[in-house]
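Only one structure is covered here, and it is reproduced in the block below.
The values are calculated or read from the model by the stated rules, or taken from the named source; none is laboratory data. Just so it is clear, the structure is predicted and the values come from calculations on it, not from any experiment. Virtual Cβ from ideal backbone geometry, glycine too; neighbours counted across all protein chains shown.
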Amino acid sequence: MKKLDWYIVGKFLRTFFFVVLIFSMVSMIVDFSEKVERFIESDITKQVIILEYFPTFLLFILGFLWPMLTLIAVIFFTGRMADNSEIISILNAGVSFWRLMRPYLISSGFLFLLYLGGVHFAVPLANAHRAELERVYFNRGRDEGKTTNVHFFVAPDTKVYMTHYNKRDSAARNFRIEHIVDNELVSLTKARTARFVTGDPDVWRLDNYETRTFDGLEETLEVGQRTTLDTVLNLRPEDFVEYREQQSSLTTPELISQLRSQQERGAGNIRKYQVELARRSAEPFTIFILTLIGLSVAGRKSRGGMGVQLAIGIFMGALFVFLSRFASTITSSASLPVWLGMWMPNILFFAAAMYFVSKAQR
């Protein structure tokens, strides 16, 4: 890289991490003021607050605002360069606007890699630990897994139903196993109670069971009165545990594993995992797009000064955050293809970036 590249890269990264520092301090102050009563009333210690809670909270906030902070940093230091006539001097020296983009894209590439690693690994781990702290000390984020009238697909052709499940002893009442082939019921096993056998993976012990096997119009009945039957099912006690936004607390390898497990079962609630996986892949690329927008907006002197440019940057960043969350919500519940729904904010902002770039070159 040339001196110009090093100069802009240095300004970019120094400004970005300064903006991160300011926003981190403000976020911690606001969060502490909101939770100070909970901190006092709970048994949480100062050490846990300082060394565990706030570091994980900051990773969550930065993972949420990283693209927006990039845009603010670009507008802030580029606007100052424009006010000092540095940008116009660079362009008058024969450097094209496309050439000027190079150090910006190099810097945003570095931030892209940091963000990519963060959203796939660091932020989910932080979310999991922060959620655990809130469950332990603030009694929040309770288990929302169903325990009554529960239906599970343990395989594409096998369905399990129970009227009640007790999480303390891993026991189920009115347990049913249905095997379905070509939309026809071929066997039905009922048990008054069923219990997960600790130490034996995927083994459930059925008490007082009966099994009906259907072959056309013929039916075979097997009754196990006062006897038990051990059967292997792709069902474990942890499958009855579910927390709100649980997918955001799984690292990407864990998320992929969970998605495959649900697909193998034939479960129908896999879309939230697909949306989360697509979001983690799409959002990091927004850094490049917002960098181009920031350079185009702040690259020329403005009559309103840097205040107007920063206002535009904050508005554009907030708009991206809103569209990203809106896309996640819509894609989770609509029939829109997951990849299209999660990449739609990037597509819209890329079109806006190309418009601003073309306007900045005039």
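For Arg271, indicate whether it is touching a residue at least 24 places away in the same chain (Cβ under 8 Å), of a type outside the set (A, V, I, L, M) and in contact with a strand residue (DSSP E or B) (Cβ under 9 Å, 6 or more places away or on another chain).
Working: touching a residue at least 24 places away in the same chain (Cβ under 8 Å): yes; of a type outside the set (A, V, I, L, M): yes; in contact with a strand residue (DSSP E or B) (Cβ under 9 Å, 6 or more places away or on another chain): no.
Considered against the rule, which asks whether it is touching a residue at least 24 places away in the same chain (Cβ under 8 Å), of a type outside the set (A, V, I, L, M) and in contact with a strand residue (DSSP E or B) (Cβ under 9 Å, 6 or more places away or on another chain), Arg271 comes out as no.
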Subset of the stretch 334-353 [assigned to a helix (DSSP H, G or I), without any contact (Cβ under 8 Å) to a residue 24 or more places away in the chain and over 17 Å from Arg280 (Cβ atoms)]: Ile347, Ala351
Residues that are within 21 Å of Asp157 (Cα to Cα) and of a type in the set (S, T, N, Q), drawn from the stretch 180-198: Asn183, Ser187, Thr189
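Does Val123 satisfy the condition of being surrounded by 14 or more Cβ atoms within 10 Å (Cβ to Cβ) and in a helix (DSSP H, G or I)?
Working: surrounded by 14 or more Cβ atoms within 10 Å (Cβ to Cβ): yes; in a helix (DSSP H, G or I): yes.
Taking the combined requirement at face value, the residue satisfies it.
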Evaluation of Met316 against (1) buried (at least 18 other Cβ atoms within 10 Å of the Cβ); (2) modelled with pLDDT under 90; (3) over 25 Å from Ser96 (Cβ atoms) (one fails), failing number: (3)
Residue that is farthest from Phe152 (Cα to Cα), among those in the stretch 199-248 that are surrounded by 15 or more Cβ atoms within 10 Å (Cβ to Cβ) and among the basic types (Lys, Arg): Arg212
Residue count for the stretch 300-313, restricted to those that are exposed (fewer than 15 other Cβ atoms within 10 Å of the Cβ) and outside any helix (DSSP H, G or I): 3
Residue in the stretch 163-179 that is in contact with a strand residue (DSSP E or B) (Cβ under 8 Å, 6 or more places away or on another chain), surrounded by fewer than 18 Cβ atoms within 10 Å (Cβ to Cβ) and not in a strand (DSSP E or B) present: yes
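Filter the stretch 309-332 down to the residues that are of a type in the set (Gly, Ala, Ser) and under 16 Å from the mean Cα position of the chain (by Cα) and list them by number. Steps first, please.
Pass one, the stretch 309-332, residues of a type in the set (Gly, Ala, Ser): 311, 313, 317-318, 324, 327-328, 332.
Within the stretch 309-332, Ser324, Ala327, Ser328, Ser332 meet the criteria.
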The one condition in (1) outside any helix (DSSP H, G or I); (2) under 27 Å from Ile8 (Cβ atoms) that Arg80 fails to fulfil: (1)
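Say we look at the stretch 3-16 and pick out the residues that are surrounded by 13 or more Cβ atoms within 10 Å (Cβ to Cβ) and not β-branched (Val, Ile, Thr); which of these is nearest to Pro103 (Cα to Cα)? I'd like the intermediate steps shown before the answer.
Step one: list which residues in the stretch 3-16 are surrounded by 13 or more Cβ atoms within 10 Å (Cβ to Cβ), which gives 4-5, 7-13, 15-16.
Retained after the next criterion (residues that are not β-branched (Val, Ile, Thr)): 4-5, 7, 10-13, 16.
Details: Leu4: 8, Asp5: 5, Tyr7: 9, Gly10: 9, Lys11: 10, Phe12: 9, Leu13: 11, Phe16: 14 Å.
Looking at the filtered set, the residue picked out is Asp5.
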Qualifying residue in the stretch 234-244 (condition: free of Cβ contacts under 8 Å to residues at least 60 places away in the same chain, under 30 Å from the mean Cα position of the chain (by Cα) and within 30 Å of Arg279 (Cα to Cα)): yes
Of the criteria (1) acidic (Asp, Glu); (2) farther than 30 Å from Glu132 by Cα; (3) touching a residue at least 12 places away in the same chain (Cβ under 8 Å), which one Glu218 fails: (3)
Within the stretch 126-154, considering residues that are surrounded by 16 or more Cβ atoms within 10 Å (Cβ to Cβ) and not in a helix (DSSP H, G or I), the one modelled with the lowest pLDDT: Gly141
Flag for Leu114 being over 27 Å from the mean Cα position of the chain (by Cα), at pLDDT 90 or above and not assigned by TED's automatic domain parsing to the domain that holds Glu178: no
Within the stretch 91-113, tally of residues that are in a helix (DSSP H, G or I) and touching a residue at least 24 places away in the same chain (Cβ under 8 Å): 14
Elements of type helices (runs of 4 or more DSSP H) in the stretch 213-299, at least 3 residues being in contact with a Gly (Cβ under 7 Å, 6 or more places away or on another chain) and either at pLDDT below 90 or farther than 30 Å from Thr15 by Cα (or both): none
